[in-house]
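Chemist: Attaching a single structure in structure tokens format; questions to follow.
The values are calculated or read from the model by the stated rules, or taken from the named source; none is laboratory data. Just so it is clear, the structure is predicted and the values come from calculations on it, not from any experiment. Counting neighbours? That spans all protein chains shown, and the Cβs are built from the backbone with ideal geometry, glycine included. SASA here: full protein model, heavy atoms, side chains in, ligands and nucleic acids out. Shrake-Rupley method; radii C 1.70, N 1.55, O 1.52, S 1.80 Å.
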Amino acid sequence: MKQTTIMGILLMLMVALAACGGEAAAPAERGALPESLRLSLGTLMLEETPQAVTAEQAQELLPLWQMLRALQQSDTAAQAEIEAILKQIQAAMTSEQLAAIEGMDLSPANMRTVFQELGLGMGRGEGSSGGQERGFRPPDEMFLLGGPGPGGGIRLGGGTNLSPEEQATAVVERMSLSLGVALMDRLIELLKSRAGGASATPSKATPEATASPSVRANSNSELGKQVVDTKVMPTPTLPPTSTPQSPSLPATATSTPQPPPAPTPTPLPGSEGLAEPEDELTGKLVFQTSNGGDIYIINADGTGLRRLTDGMEPAWSPDGTKVAFTRWRDPRGPYVINEDGSDETLVFGWSQAKGAAWSPDGSRIVFTRRYGGRDEDTEVCFHGRCRTLPADHWWKLGVVRLEDGHFHDLPCYPHSLSPTWSPDGSVIAYDSDFGIHLTNEEGTIGHVTDDRSLYAISTDGRDISPVWSPDGSKIAFGFSQHDHWEIYVMNADGSNRVRLTKEEPFAERPPNNVSPAWAPDGRHIAFFTDRNGKWELWVMNADGSNQRPMFETALNGLKFEYGFVAERMVSWAE
């Protein structure tokens, strides 16, 4: 039984090792298997031995391997982050298990010995009638370097005239890239089976939070204004860990995650016929002049303009009595303030937070905060070949409960911005690197990030700033349209994607249209545009018709700036 298991594992390795046969094998033998590949293969080979992983270990190892798999498939993960997870995996194993794996001496040279012991050929076998043994030799084209190869082969760049040392390095890199994920998939399935389908949350896999004034690009220039009547809540309570936990991989009943249920639309009275809405605008708006600038309130009819405070990305509470926002000057973090400007309260202290949005019942706030990633450019070397990984700051979603300041992270991608709660409270949509995705507070949605189509409303990484319609049936969002940004709308399930704003055919430059905000009745969408050479607050019908300035003269004297970091400039309430 054990021989069958190892044979199945090593069959995957044959594709990478076939090129090591004959005279070309010697340089490759001087290489070493990457640690993740060595650990995954070694753990699998422990099966049916006294050192096989136990059910308790499987529960601890499963989320760590899932996280490692996601990091290794990420374009932005730092080597230090991968190494940290590997250390946690090693810590979850016994010294006897690690010693057994070390004793296997897994290396390209010894792979050949294992193959021979199992009666498997290396592809270029000598002495056989057909020039091959029981194994197989893949086409040489699979190992060409320089781009996508025939049949899906991986080509790492360069050319076919490589030195023996370069060939050795390329073989090891191919093994890591091509087979590392496949081996981890096999191991993850084993761990799921061993753990009975349960997934434990690693309590130690939490990158340290740091501070930096950037969110994808230039982000926030605080004006340093002083605010009167500011109080700070008692130190927020966190889950029982020394630092806020990073998004976890929660328990799942089956190995195959199921798509989340669509939020239940709640039809609004008189919401039929959105293409022919009434022209009268009702309610009130809160908006910012810039990231960290003044925040104002104004009635939808143009009356009652007044300054509320300063900060970024203001959002009305569901009952329209409070405003949430974030601030990047001390004391930093998400705030809540009454509509009349009183009782300004810091609800969670954090150096850099943005994108606050209310839960439908008004009891909680979801926001994104800078948490983890790389603070500085990092040089990574592999077998003498080095490259520089640029600084990469992660932005993760979290929820704070206003009653007592309790905070918890949400499962999400490394760069998660602009969260928006569905009106029924079942899910949260957000802007990821790979489109608009869903998560939820229970951790049963959004916890699997290695399949980008899972829990996705859209899979286009250029989609930004989603915001749910009041009845839950649609989502308005921004889109990076080549050299400018536009506003679209789609159904809540991602279907029927419609562009609402368009450039004028003979304009000198395409204008930007950003930061959509639904009217409380769902008939209109407010947004910012620079089509007249400066940023202005405009409004349109929900189908994109009748686009016009929202106010004639009420905002005269105010200057607006948009930072192109998917910020939400405006929020609309009853």
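Chemist: Please state which one of G472, G461, G372 is among the small types (G, A, S), modelled with pLDDT under 95 and at positive phi.
Modeler: G372
Chemist: Now for a different question. Any idea how many residues of segment 513-536 are among the acidic types (D, E) and surrounded by fewer than 20 Cβ atoms within 10 Å (Cβ to Cβ)?
Modeler: Summing the residues that are among the acidic types (D, E) and surrounded by fewer than 20 Cβ atoms within 10 Å (Cβ to Cβ) in segment 513-536 gives 2.
Chemist: It is to be established whether one or more residues within segment 258-268 are at pLDDT 95 or above and touching a Gly at 6+ places or on another chain (Cβ under 6 Å).
Modeler: Within segment 258-268, not a single residue is at pLDDT 95 or above and touching a Gly at 6+ places or on another chain (Cβ under 6 Å).
Chemist: Between residues in segment 369-386 that are in contact (Cβ under 8 Å) with a residue 40 or more places away in the chain and open to solvent by less than 20 Å² (accessible area, probe 1.4 Å) and residues that are assigned to a strand (DSSP E or B) and among the aromatic types (F, W, Y), which pairs lie under 6 Å by C-beta distance while being six or more apart or on different chains?
Modeler: Within 6 Å, the pairs are R370/W395; Y371/W394; G372/W394.
Chemist: Let me ask something additional. Of everything in segment 375-397 that's modelled with pLDDT under 90 and of a type in the set (A, V, I, L, M, F, W, C), which residue is nearest to the chain's Cα centre (by Cα)?
Modeler: A391
Chemist: When you go through (1) open to solvent by 20 Å² or more (accessible area, probe 1.4 Å); (2) farther than 16 Å from G292 by Cα one by one for V539, which number turns out not to apply?
Modeler: Here V539 clears every test but (1).
Chemist: Quick one: which strands (runs of 3 or more DSSP E) sit completely within segment 417-475 and have at least 2 residues that are closer than 23 Å to H393 by Cβ?
Modeler: Per the criteria, 417-421, 428-432, 435-439, 463-468.
Chemist: Could you go through segment 298-307 and let me know if any residue there is open to solvent by less than 20 Å² (accessible area, probe 1.4 Å) and either of a type in the set (A, V, I, L, M, F, W, C) or free of Cβ contacts under 8 Å to residues at least 40 places away in the same chain (or both).
Modeler: Yes, some residue in segment 298-307 is open to solvent by less than 20 Å² (accessible area, probe 1.4 Å) and either of a type in the set (A, V, I, L, M, F, W, C) or free of Cβ contacts under 8 Å to residues at least 40 places away in the same chain (or both).
Chemist: Hey, S432 hits all of (1) modelled with pLDDT of 95 or more; (2) touching a strand residue (DSSP E or B) at 6+ places or on another chain (Cβ under 7 Å); (3) among the small types (G, A, S) but one; which does it fall short on?
Modeler: It is condition (1) that S432 fails.
Chemist: Considering only residues that are open to solvent by less than 10 Å² (accessible area, probe 1.4 Å) and touching a Lys or Arg at 6+ places or on another chain (Cβ under 7 Å), which ones fall in segment 413-434?
Modeler: Of everything in segment 413-434, those that are open to solvent by less than 10 Å² (accessible area, probe 1.4 Å) and touching a Lys or Arg at 6+ places or on another chain (Cβ under 7 Å) turn out to be S416, S418.
Chemist: Return a yes/no flag: does segment 27-47 have any residue that is at pLDDT 80 or above, under 26 Å from S193 (Cα atoms) and not in a helix (DSSP H, G or I).
Modeler: Checking segment 27-47: at least one residue is at pLDDT 80 or above, under 26 Å from S193 (Cα atoms) and not in a helix (DSSP H, G or I).
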